[in-house]
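A.B. asks: My questions will all concern the structure given below.
The values are calculated or read from the model by the stated rules, or taken from the named source; none is laboratory data. Remember, it's a predicted structure, so these values are computed and weren't measured experimentally. Glycine gets a Cβ as well: all are built from the backbone with ideal geometry, and neighbour counts include every protein chain shown.
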Amino acid sequence: MENCEIILAGFGGQGILFTGKMLAFAAMLKGKKLSWLPSYGPEMRGGTANCHVIIDDKPIGSPIVTNPDLLVVMNKPSLDKFENTVVSGGYIFVDKSLVDCPVKRSDVKPVYIDATEIADKIGNRGQANMVMLGAVLKETGLFTLEEIEETMKKSLPQSRQNLVEVNMKAVKKGCEALK
């Protein structure tokens, strides 16, 4: 998968916007055209959050994603809201630790991963977004682990460089979970 439109969605505080930013920054480092559009409720933590990311070779006319090729949902309300928007043949990644119902559509590829449970096991529930990112990378080949690690090193401020190793551990666990 080279070019795609992505929606990431969940509750505020789950790292939805950060994950979208990593995808957008990785696309920029590859010389792609990109758009990153965050959206969140006034509550921030605990409210709704979603992020639209477009990666393309051509200029992007609008940052709004109406029919994503790839949907990542970290809660049930997000699955309910966005499931029917995914293009036929697209992917829906579901954190099955927090979403207790299956994808209803038969014309998309659902990918279930216990992201929050895996993050708990590695010692930081807040890394579930990085576990999901690992699953996306493994399933789609959108970016390599090396490209994401380089993205983190270049995009995180010096004071947060210690998070690169922690984040990459979670990304790798997400990749491994799909074996």
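A.B. asks: Under 6 Å by Cβ, and 6 or more places apart or on different chains, what pairs join a residue from region 60-85 that is closer than 12 Å to Val108 by Cβ with one that is of a type in the set (Asp, Glu) and surrounded by 20 or more Cβ atoms within 10 Å (Cβ to Cβ)?
C.D. replies: Hits for this filter: Pro68/Glu5; Asp69/Glu5.
A.B. asks: Further question on the same structure: Of all residues in region 146-163 being under 15 Å from Thr19 (Cβ atoms) and not charged (D, E, K, R), which is surrounded by the most Cβ atoms within 10 Å (Cβ to Cβ)?
C.D. replies: Checking each candidate, the answer is Ile148.
A.B. asks: Scanning for something in contact (Cβ under 8 Å) with a residue 60 or more places away in the chain and either more than 25 Å from Ile118 (Cα to Cα) or out of contact with any Cys (no Cβ under 7 Å at 6 or more places or on another chain) (or both), does region 35-54 turn up at least one residue? Show your work before the answer.
C.D. replies: Of the residues in region 35-54, the ones in contact (Cβ under 8 Å) with a residue 60 or more places away in the chain are none.
No: zero hits.
A.B. asks: Quick one: Gly141 ticks every box in (1) surrounded by fewer than 18 Cβ atoms within 10 Å (Cβ to Cβ); (2) at negative phi except a single one, so which number is it?
C.D. replies: Condition not satisfied by Gly141: (2).
A.B. asks: Considering region 107-117 alone, what residues qualify as being out of contact with any Ser or Thr (no Cβ under 8 Å at 6 or more places or on another chain) and in a helix (DSSP H, G or I)?
C.D. replies: Within region 107-117, the subset out of contact with any Ser or Thr (no Cβ under 8 Å at 6 or more places or on another chain) is 109-113.
Within region 107-117, none qualify.
A.B. asks: Please specify each residue of region 109-118 satisfying the condition of being surrounded by 20 or more Cβ atoms within 10 Å (Cβ to Cβ) and more than 17 Å from Lys138 (Cα to Cα). Write out each step before concluding.
C.D. replies: Here is the first cut: in region 109-118, the ones surrounded by 20 or more Cβ atoms within 10 Å (Cβ to Cβ) are 111, 113, 115-116, 118.
Selection gives Thr116 alone.
Residues checked against (1) of a type in the set (Lys, Arg); (2) over 15 Å from Thr19 (Cβ atoms); (3) part of a loop (DSSP other than H, G, I, E, B):
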{"residue": "Lys81", "(1), (2), (3)": "yes, yes, no"}
{"residue": "Val87", "(1), (2), (3)": "no, yes, yes"}
{"residue": "Ile92", "(1), (2), (3)": "no, yes, no"}
{"residue": "Cys101", "(1), (2), (3)": "no, yes, yes"}
{"residue": "Ala119", "(1), (2), (3)": "no, no, no"}
{"residue": "Ala128", "(1), (2), (3)": "no, no, no"}
{"residue": "Leu133", "(1), (2), (3)": "no, no, no"}
{"residue": "Leu137", "(1), (2), (3)": "no, no, no"}
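A.B. asks: Name the residues in region 35-58 that are modelled with pLDDT of 95 or more and of a type in the set (A, V, I, L, M, F, W, C), would you?
C.D. replies: Within region 35-58, Trp36, Leu37, Cys51, Val53, Ile54, Ile55 qualify.
Every residue, every condition in (1) farther than 19 Å from Met132 by Cα; (2) of a type in the set (Val, Ile, Thr), yes or no:
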| residue | (1), (2) |
| --- | --- |
| Met22 | no, no |
| Met28 | yes, no |
| Cys51 | no, no |
| Ile60 | yes, yes |
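A.B. asks: Among the residues of region 82-101, how many are surrounded by fewer than 19 Cβ atoms within 10 Å (Cβ to Cβ) and over 20 Å from Asn67 (Cα atoms)? Walk me through how you get there before you give the answer.
C.D. replies: Filtering region 82-101 down to residues surrounded by fewer than 19 Cβ atoms within 10 Å (Cβ to Cβ) leaves 83-85, 87-89, 96, 100-101.
Restricting the remaining residues to those that are over 20 Å from Asn67 (Cα atoms) gives 96, 100-101.
Total satisfying the criteria: 3.
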